[in-house]
Structures are given as structure tokens and as C-alpha cells.
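J.: Encoded as C-alpha cells, here's the structure I'll be asking about.
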Amino acid sequence: MTRSPASPASASPAPTTQVLIAGGGPAGLAAAVELGRRGIRACVVEPRLTLDDDRPRAKTTSIRTMEHLRRWGLADRLRAAAPLPVAWSQDVIFCTALLGTELTRFRNAFGLYADRDERMAESGQQVPQPVVERVLRKAVAELPCVTFLTGHTVTAIDQDARSVRATVADRGGSTSVIEAEYLLGCDGAGGVSRQAIGASYTGSSGERPNLSIVFRAPGLDRRITMDPAVQYWVVSPEVSGLMGRLDLQDRWWAIVQRVDVRTGAPDPEALVRSLIGAGTGTGTGAGAGIGAGAATGAATAAGYDGPVRVVGTDPWVARMLLADRYRSGRVFLVGDAAHLNPPWGGHGFNTCVGDAVNIGWKLAAVLQGWGGRELLDSYEAERRPVAAQTIADSAAQEKLLAPSFAGRPLTGTGPEAERRRAETAAALRAKDGEFHSEGLVLGYHYAGSPAVVDDGSPVPPHTPQAYRGSARPGARLPHAWLRDGRSLFDRLGEGLTLLRLSACADPAALERQARARGVPFTVVDLTEEPLSGRYGAPLVLVRPDQHVAWRGTGDADGGRILDVVLGRS
């Protein structure tokens, strides 16, 4: 029975399942969708009964995550639910204040493209994390083989060679035990999964504390003279940070940088008003009213004297942490339980989804009998390096936050003021990597994986800002739009897919070996498409996660190829 994701479970958990998922955030929900669509019985255990819109956390759903949502049939659902359509804005603007002067802008930030792009099946989407989770919760509720237990928490885990058992507590303190064949630890930094397998984080924390604020400001949007932007970065000697809209009514978010609640009691409303009007104030100073005990509204911005109602605050410090192991026996760490990413660039939530997709299809293959158990060994080998690289690229932005560019006044008129603004705008180009990271988002690869057949070709270099498509085994299959207007990705099957790109290549031998092994296998004939030479071989074998597993000719040893790709040595 599938329980409603919107209400707490009213009965004891089922005694057994194939996969228990500890945690129902983005990682857990993505894993449940990946497994449930493949017919795997899964149980998600999630403490939260409802989702908190006043702490939206992630706001960037990347190109790659949107491609997974498309594969699940959910991309259009999420876009329909997103408060900010992609067509509304694709830009990030740096300015002296929200009601101040624009310094520079970054177009097509975070993979936002209003028009179709050959490189991708979907563009990115700006949307608060609670909205994403609601879409995924609804999708999980539609899967008859997935049980969703809200109001429950995994409090202990133990395992043996046969199964894994989780102690689950409800909100009243009653406990029960769920037994499963495998467990996915999607319970974040504070869960029990990491400790249960003896793993620990290594890494560091950011030096600069931050304060996230959600607020309502009716009519503020009508006072802005700059173009619409998904983020406005305010560079000011008084208060610096970034802000943006949560919807097209009156809900906003802000992150004020270098604000430490441990050493003072900052006034969040005064901070917001400073961001709105820094450098354009009435003479009291844009930074007035920021410290403890300041009078509310002391920094009212010129042009906006309406209410600023703070509805939520969240102090935090960026974390750059990576678990030293992702697996022990039947337990796997997924998402934040395995890594904590700085938010700069918007990669944390998306890396979690990538983990879930990777382990999800592999567990399904093993449980359905067409994947060997060694396939599960490739999860850590593939995903841990991706997390390490993502953390490194995101952490590089920690030294390039807005206060780093705010050492001198940028307001005023005249040649000197214009010169300072122009010099600051030029210096801000160093932040391009935060907003343009398609090489990181689409170009990561599993070239060294034991589940990929290496063809000896050069490993694609890491170019985080620019994506250069490669069909080298381990890389994401380069995308193409076909003659009929469909995405190549829409032609891929649920299992392995063999692309036939030349009429001279015979897929029969590999297909025959796959059928004999019970592997779900799709052959896609592309010989009439203008793709000759684009993928480096006449036959390309693609995994369920859209990564290339092998490429070559029809005279290759199909049995050996499948044994490597599916961990059946």
C-alpha cells in the first residue's frame, strides 16, 4: 500500500521491503522515483510531516537534474509548479542596491535558456526546493510499490550478510524494525547512516558566516528599475549579499554575507532594507540599524517605504565535507549523508539527485537479476570523485563573495564614481564560474569506473565553465535533437540502449548476448540521422543514467562487454 505523502502514516511500517530509504528529502525522493519506476519495492522513512516554505534552501535545479526529471516524466510538472518561469529571466545582476545601479550581469546563469539548445534535453530551472520536493512526493505517491512513511525517523541500523534492519521511531516514541535487502542513507548530515557504516566527514568549513532571510515586501517589485533577474547581488561597503524573488507576488529571499549571529543579534529587517537601498538611502547611512538593538526601519530605502515582514531566518556557514567511504555491505550513503557542498553555484541538491540516480538503477539491476553484485561497487568509484570535484569548484567561490568586491563606495555621480563602478564590474568577471558551470554539470564522467569499458581514448579534461561533449565511455551521452523534433534522450530505453549510427554496424551480436542474460535492451537505429562521426564509433552502448558504457563495432565480444558494464565478472 502506498501512503499519502501529505499526511503521517497511521499504521506500523511494513516488516520487509527490498530497499529502505532513510530520509525523504531530494536524495531520498529521487531514489524512490528511480527505484519505484523500475518496480522495486521501496520504503521511504521521513521525519517531516510538511515542507517549510519559509526556509527554501536550494533554488537551482540544474540542466542535468532537469534531464533526469524529463526521463521520469516530471520536467513539465516541475516547470508548471515553479513560481518563476525560465522565460521571466535568465540573468544574475550585480548592483549597488536592489534600487540602486547595475554594475554587471551574467546572462544564461545556472543553465537557464529560454530557447532550445542542442547540448541539452532540458534547460535549468530556478525553483525553491520545497516545490521540487512536493512534485517528487506526488510522483512517489503514484508508484504502487513505494511506501512513504512521514513522521518517522530511522534511529539505528544494523546488518548482516542476509539483510539490513532499521529501527524506526514515530513521533510518539514508539519503535519498530523494518528489514530490507538494502538501505540507502539519505538522512543528511545529522542522520544515523554515516555513523552506522563507520564513515566520517573530512574537509573544512567556510570562514564567512551567512544569514538567510525570507521576507514579504508588497509592492517592492514595482520599485525596481533594473531588469528582472533570478538573483540580485548587492555590492556595498555597508551590507553585501544576494537576494531574489520566491514568487511573482511579494515573497523574497536574501542571503546576507559576513553576518555572524554568534557574536551579535543583527536585525534581519534592517539588513534587508539595507540590501534594498544600500547607497541610495536618506542620509542615515545604508548600514544604520544593522547591529543589535537598532531601531526597526532605520535604513529605509529611498523609493520603497512599504513593509518588510521577515517570515524566516537561518544562519549558516558553508561546508566543504566529503565522507571517507560511501558504503558498507548493504548500506549506501546518498546525498548530504555522503557530502556537504557549499551553495555557491547551486550544485549541492543536484549532486544529491545524481547520487540517487546512480545507485538507484544499479540496485534495480541487481535486485531484478540482470546486474551482478559487483555493479554496486561502482557507485562509490563513480560518485565520490564527482562530489570531490564539485566541492572543490564550489569552494573556490568562497573567496569571491560580494563583500570581497565592496571595499570602496560605488554610488554617486561623476567620472570618478563611474570609474569605480567600471573597475568593480571588471573584477566581478572572476565570478563567471559560479553562474556558468555547464562543464561541471554536464561534463563530469566515470572514465575510471569498473562498470565502463575503457576504449583507451583521452579522458575529457575538466573544464568547469564550458561543456565540451564527449562520447568517451563514462561520459554523459552528448545530446542531439533528432529530425522529428524529439530529443535523442527520449529514445533511450529503461535498461541498456544500443545506438546504431552506421548502416555498416551490426547490433545483433550484442543484442543476442543481452537477451540471453535477461537484460532489458533497446536498439535505436539512428542511421538516417545526421550524426555520423559525432560519437566516435558506429555503435554506442548507453546505461540507464544516460552515460556511455561502451562504444565500438559489431565484431566486439558482446558477452565480455556486458559482463563489465553490469558487474558480472
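J.: Working only within segment 536-563, note down all residues that are farther than 18 Å from Asp506 by Cα and either out of contact with any strand residue (DSSP E or B) (no Cβ under 8 Å at 6 or more places or on another chain) or assigned to a loop (DSSP other than H, G, I, E, B) (or both). Spell out how you get there, then give the answer.
T.: Restricting attention to segment 536-563, the residues satisfying the condition of being farther than 18 Å from Asp506 by Cα are 543-548, 563.
Matches in segment 536-563: Arg543, Pro544, Asp545, Gln546, Asp563.
J.: Has segment 330-352 got at least one residue that is touching a Cys at 6+ places or on another chain (Cβ under 6 Å) and either in a loop (DSSP other than H, G, I, E, B) or aliphatic (A, V, I, L, M) (or both)? Break it down into steps so the answer makes sense when it comes.
T.: If we filter segment 330-352 for residues that are touching a Cys at 6+ places or on another chain (Cβ under 6 Å), which is where we start, we get 334-335.
Pick out the ones that are also either in a loop (DSSP other than H, G, I, E, B) or aliphatic (A, V, I, L, M) (or both) and you get 334.
Yes, segment 330-352 contains a residue that is touching a Cys at 6+ places or on another chain (Cβ under 6 Å) and either in a loop (DSSP other than H, G, I, E, B) or aliphatic (A, V, I, L, M) (or both).
J.: If you scan segment 516-535, which residues turn out to be of a type outside the set (Lys, Arg) and either in contact (Cβ under 8 Å) with a residue 60 or more places away in the chain or part of a loop (DSSP other than H, G, I, E, B) (or both)?
T.: Residues of segment 516-535 of a type outside the set (Lys, Arg): 516, 518-533, 535.
Gly518, Val519, Pro520, Leu526, Thr527, Glu528, Glu529, Pro530, Leu531, Ser532, Gly533, Tyr535, listed by residue number.
J.: Oh, and also: Considering each residue of segment 41-57, count those that are within 16 Å of the chain's Cα centre (by Cα) and surrounded by fewer than 20 Cβ atoms within 10 Å (Cβ to Cβ), and give that number.
T.: Step one: filter segment 41-57 for residues within 16 Å of the chain's Cα centre (by Cα), giving 56-57.
Subset that is surrounded by fewer than 20 Cβ atoms within 10 Å (Cβ to Cβ): 57.
Total meeting the criteria: 1.
J.: Run Arg223 past the list (1) surrounded by 16 or more Cβ atoms within 10 Å (Cβ to Cβ); (2) basic (Lys, Arg); (3) assigned by TED's automatic domain parsing to the domain that holds Ala30 and report the number of the one that doesn't hold.
T.: (3)
J.: Ok, one more. Of these, Gly371, Gly360, which one is part of a helix (DSSP H, G or I) and in contact (Cβ under 8 Å) with a residue 40 or more places away in the chain? Let's see the steps before the verdict.
T.: Details: Gly371 fails: part of a helix (DSSP H, G or I).
Checking each option against the conditions leaves just Gly360.
J.: Tell me the residue from Pro544, Pro538 that is crowded, with 16+ Cβ neighbours inside 10 Å, assigned by TED's automatic domain parsing to the domain that holds Leu488 and free of Cβ contacts under 8 Å to residues at least 60 places away in the same chain, please.
T.: Only one candidate qualifies: Pro538.
J.: So, one more: Go through segment 175-210 residue by residue and tally those that are modelled with pLDDT of 95 or more and over 30 Å from Leu367 (Cβ atoms).
T.: 2
J.: Quick one: which of Gly485, Gly567 is of a type in the set (Gly, Ala, Ser), in contact with an Asp or Glu (Cβ under 6 Å, 6 or more places away or on another chain), modelled with pLDDT of 95 or more and assigned to a loop (DSSP other than H, G, I, E, B)?
T.: Numbers: Gly485 fails: in contact with an Asp or Glu (Cβ under 6 Å, 6 or more places away or on another chain).
On inspection, the qualifying residue turns out to be Gly567.
J.: Looking only at segment 144-161, decide whether some residue is at pLDDT 95 or above, touching a Ser or Thr at 6+ places or on another chain (Cβ under 9 Å), among the charged types (D, E, K, R) and assigned to a loop (DSSP other than H, G, I, E, B).
T.: No, segment 144-161 has no match at all.
J.: Anything in segment 371-407 that is over 25 Å from Leu440 (Cα atoms) and either in the same structural domain as Pro343 (by TED's automatic domain parsing) or of a type in the set (Asp, Glu) (or both)? List them, or say none.
T.: Gly371, Gly372, Arg373, Glu374
J.: Taking segment 395-423 as the region of interest, how many residues are touching a Lys or Arg at 6+ places or on another chain (Cβ under 8 Å), part of a helix (DSSP H, G or I) and not aliphatic (A, V, I, L, M)?
T.: Taking segment 395-423 and keeping what is touching a Lys or Arg at 6+ places or on another chain (Cβ under 8 Å), we get 397-398, 400-401, 403, 408-410, 420.
Filter once more, keeping what is part of a helix (DSSP H, G or I): 397-398, 400, 403, 420.
Still in the running and not aliphatic (A, V, I, L, M): 397-398, 403, 420.
Number of matching residues: 4.
J.: Go through segment 312-349 and give me each residue that's among the hydroxyl-bearing types (Ser, Thr, Tyr), over 23 Å from Pro266 (Cα atoms) and surrounded by fewer than 21 Cβ atoms within 10 Å (Cβ to Cβ). Quick ask: steps written out before the conclusion?
T.: Filtering segment 312-349 for residues among the hydroxyl-bearing types (Ser, Thr, Tyr) gives 313, 326, 328.
Pick out the ones that are also over 23 Å from Pro266 (Cα atoms) and you get 326, 328.
Scanning segment 312-349 gives a single hit, Ser328.
J.: When you go through (1) surrounded by 14 or more Cβ atoms within 10 Å (Cβ to Cβ); (2) more than 20 Å from Leu333 (Cα to Cα); (3) of a type outside the set (D, E, K, R) one by one for His152, which number turns out not to apply?
T.: Every listed condition holds for His152 apart from (2).
J.: Report the residue count in segment 424-476 for those that are under 24 Å from Thr104 (Cα atoms), without any contact (Cβ under 8 Å) to a residue 60 or more places away in the chain and under 24 Å from the mean Cα position of the chain (by Cα).
T.: So the count comes out to 5.
J.: Residue pairs, Cβ under 7 Å, 6 or more apart or interchain, first in segment 177-203 and closer than 21 Å to Gly354 by Cα, second surrounded by fewer than 16 Cβ atoms within 10 Å (Cβ to Cβ) and basic (Lys, Arg). List them.
T.: These pairs meet every condition: Ala199/Arg325.
J.: Could you please let me know if Thr101 is of a type in the set (Ser, Thr, Tyr), modelled with pLDDT of 95 or more and buried (at least 20 other Cβ atoms within 10 Å of the Cβ)?
T.: So Thr101 does not fit the description; no.
J.: Cβ-Cβ below 6 Å, separation at least six or inter-chain, first residue in segment 491-513 and outside any strand (DSSP E or B), second surrounded by 16 or more Cβ atoms within 10 Å (Cβ to Cβ) and of a type in the set (Lys, Arg): which pairs?
T.: Going by the 6 Å Cβ cut-off, the qualifying pairs are Pro507/Arg500.
J.: Then there is this: Going by the structure shown, is Ala514 at pLDDT 95 or above, closer than 23 Å to Leu440 by Cα and buried (at least 16 other Cβ atoms within 10 Å of the Cβ)?
T.: Here the answer is no, as Ala514 does not meet what is asked.
J.: Does any residue of segment 496-505 turn out to be touching a Gly at 6+ places or on another chain (Cβ under 8 Å) and more than 26 Å from Val357 (Cα to Cα)? Show your work before the answer.
T.: Pass one, segment 496-505, residues touching a Gly at 6+ places or on another chain (Cβ under 8 Å): 505.
Now narrow it down to the ones that are more than 26 Å from Val357 (Cα to Cα): 505.
Yes; the residues of segment 496-505 include at least one that is touching a Gly at 6+ places or on another chain (Cβ under 8 Å) and more than 26 Å from Val357 (Cα to Cα).
The values are calculated or read from the model by the stated rules, or taken from the named source; none is laboratory data. Owing to the predicted nature of the structure, the values given are computational and were not obtained by experimental measurement. Note that each Cβ is placed from the backbone with ideal geometry, even for glycine, and that neighbours are counted across all protein chains shown.
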